[in-house]
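Worksheet: one structure, shown below.
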Amino acid sequence: MANIAKDPQITLGRAIRLRREELGISQQDLGLELGYDQSWISHIENGHANPAYGTVDRIARALAWSMGQLVALTESIETADRRPLDRPLR
């Protein structure tokens, strides 16, 4: 599988970028809406920043989605190197 991500913040960033691009919103415009610099949005989308729960909620709402919808997209692009959702520790 291409673009394997071992860290969920990387796939969260990918999901944010995919949704933002789907809506035709620039990083700068998203940053302005949220009160963040464009570079912070870039760091989140590239998986270099780990946004707090409240920040993820604000990003989702700025992208006209609930956090649940954003998480669902994140889970849909998760990769094989992470524990499957249907396999608990025991």
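No value in this document is a laboratory result; all are computed from the given coordinates. From a predicted model like this one, the values you see are computed outputs, not experimental measurements. Cβ coordinates were reconstructed from backbone atoms using ideal geometry, including for glycine residues, and neighbour counts include every protein chain displayed.
Couple of notes before you dig in:
- Potential extension, Ser26-Ala64 segment - 0.36 nm per residue separation minus Cα distance: 12.2 nm
- Under 11 Å, Cβ to Cβ, from Met67 - net charge with Lys/Arg +1 and Asp/Glu -1: +1
- In terms of packing, defined here as the mean over residues of other Cβ atoms within 10 angstrom, the peptides 67-73, 21-27 line up highest first as 67-73, 21-27.
- For the peptides 8-16, 41-49, the ranking by mean Cβ contacts within 10 Å, running from highest to lowest, is 8-16, 41-49.
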